[in-house]
Number of protein chains: 2
Amino acid sequence: MTAHQRHLDEAPELGELPSIFGLLLRLAQVRHYDRFFAAFEGTDVRPGEMTLLWLLDLNPGIRQGVAARTLLIKPAHMTKVVQRLIDAGLVSRLVPQGDRRSVTLNLTDAGRAHLARHRETFLGVSSADSIGLAQDEYDTLLALLRKLAF
Amino acid sequence: MTAHQRHLDEAPELGELPSIFGLLLRLAQVRHYDRFFAAFEGTDVRPGEMTLLWLLDLNPGIRQGVAARTLLIKPAHMTKVVQRLIDAGLVSRLVPQGDRRSVTLNLTDAGRAHLARHRETFLGVSSADSIGLAQDEYDTLLALLRKLAF
DNA sequence: CACAGATAGTATACACAGAAACTATCTCTG
DNA sequence: CAGAGATAGTTTCTGTGTATACTATCTGTG
């Protein structure tokens, strides 16, 4: 079988599927993850961790639960993500005086260094160019997604 | 603490995060999943299964691997999804004459009935209105996502 | 100030998705 | 036409995220 014939075989009828919002979101996300992991190949940096470090850099001492709600991460999962970052020496946990049920988070020096080291790559993955859209299309897309996300 | 004060507590500084494409995609998807499961509450219908059934309806006898590549589902996972649908009586598997390594898929009568029963709800979840955008914004968003997805 | 209920986070158990290795079949080349 | 390599799908193992239930702490009301 030639490549061309195989291509024909693999072009099934899609009907209205390309207008199903949930499918499009998922497909776009899968492709974006591929880009992310290609850019961070060999570094074991993960998208969610990178985002959390970023948030902690902007909000030193933020409560763990507030970070979780902001990033739509479930509390049970946040516990594990934070534990990983603490094990990696990037984040520190502190139980504040006022409310000893809660936990506040801070970057360590190593965490700040880690963030600085990967900042450009992280931003680069999220650029119109790497995503394959014209700048104005990209701006429109981000504005629309922002309406849905926040 | 009043609701208003709590709201203030929970508005951390976000910096450039709302321009991080990957984060926006994920947040939008999490919110969309919530809508989906709210609409299908009590039915145990899942988004991925619904999409696969739809694809099978349009392409009777499609090869399992072709379906997997079309929907960006990994082969190992597709095996399990198909098995679930077969157990539910919605899909049938057939090993074709020409290539006995492969497997072709078809909807059963029950599968077609299932699809028909949930079709409107499925489309409804994926409408400008339920997503909370104006129709023209929604059309733009879909067109842009389609560029990324296919 | 005691205690009922709310809240913050954690632990346990499970579901969903992927990677790698395996089996069966097919194809192509010598 | 035999055997090496490619291909289709499955199995096994692992990781990521969720639901549920639990512990610790706090708050508000009597």
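Scanning region A:97-136 for residues that are crowded, with 17+ Cβ neighbours inside 10 Å, free of Cβ contacts under 8 Å to residues at least 60 places away in the same chain and facing chain B (nearest Cβ under 9 Å) yields a count of 2.
Scanning region B:48-62 for residues that are within 13 Å of DNA strand C (Cβ to nearest atom), without any contact (Cβ under 8 Å) to a residue 40 or more places away in the chain and buried (at least 20 other Cβ atoms within 10 Å of the Cβ) yields B:THR51, B:LEU52.
Please verify whether A:LEU141 is surrounded by 15 or more Cβ atoms within 10 Å (Cβ to Cβ) and within 28 Å of B:LEU141 (Cα to Cα), treating the condition exactly as stated.
Numbers: surrounded by 15 or more Cβ atoms within 10 Å (Cβ to Cβ): yes; within 28 Å of B:LEU141 (Cα to Cα): yes.
Yes: the conditions hold for A:LEU141.
Yes/no per residue for (1) among the hydrophobic types (A, V, I, L, M, F, W, C); (2) not in a helix (DSSP H, G or I):
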position	(1), (2)
A:LEU72	yes, yes
A:MET78	yes, no
A:VAL81	yes, no
A:ILE86	yes, no
A:ARG100	no, yes
A:ASN106	no, yes
A:GLY111	no, no
A:ARG117	no, no
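Looking only at region A:7-46, filter to residues that are within 30 Å of B:ALA38 (Cα to Cα) and among the charged types (D, E, K, R); which one of those is nearest to the other protein chains (Cβ to nearest Cβ)?
Of region A:7-46, the ones within 30 Å of B:ALA38 (Cα to Cα) are A:13-34, A:46.
From what's left, among the charged types (D, E, K, R): A:13, A:16, A:26, A:31, A:34, A:46.
Values: A:GLU13: 4, A:GLU16: 8, A:ARG26: 7, A:ARG31: 6, A:ASP34: 9, A:ARG46: 11 Å.
Selected residue: A:GLU13.
The set of residues in region A:63-76 being open to solvent by 20 Å² or more (accessible area, probe 1.4 Å) and out of contact with any Gly (no Cβ under 9 Å at 6 or more places or on another chain) consists of A:ARG63, A:GLN64, A:GLY65, A:ARG69, A:THR70, A:LEU72, A:LYS74, A:ALA76.
Does any residue of region B:54-64 turn out to be part of a strand (DSSP E or B) and either more than 27 Å from A:ARG146 (Cβ to Cβ) or within 16 Å of the chain's Cα centre (by Cα) (or both)?
yes
Mind checking whether some residue in region B:47-63 is within 12 Å of DNA strand D (Cβ to nearest atom) and within 10 Å of chain A (Cβ to nearest Cβ)? Full working, then the answer.
First, pick out the residues of region B:47-63 that are within 12 Å of DNA strand D (Cβ to nearest atom): B:61-63.
Adding the requirement that they be within 10 Å of chain A (Cβ to nearest Cβ) leaves B:62-63.
Scanning region B:47-63, I find at least one residue that is within 12 Å of DNA strand D (Cβ to nearest atom) and within 10 Å of chain A (Cβ to nearest Cβ), so the answer is yes.
Per the listing A:LEU90, A:LEU141, the residue uniquely at pLDDT 95 or above and within 14 Å of another protein chain (Cβ to nearest Cβ) is A:LEU141. In a residue-by-residue description of region B:33-45, the property of being touching a Phe, Trp or Tyr at 6+ places or on another chain (Cβ under 9 Å) and open to solvent by 40 Å² or more (accessible area, probe 1.4 Å) applies to at least one position.
The values are calculated or read from the model by the stated rules, or taken from the named source; none is laboratory data. In this text, all values refer to a predicted model and were calculated from it rather than measured experimentally. Cβ sites come from the backbone with ideal geometry, for glycine too, and all protein chains shown count toward neighbours. Keep in mind that these areas ignore ligands, DNA and RNA; they rest on the heavy atoms of the full protein, side chains included. Shrake-Rupley method; radii C 1.70, N 1.55, O 1.52, S 1.80 Å.
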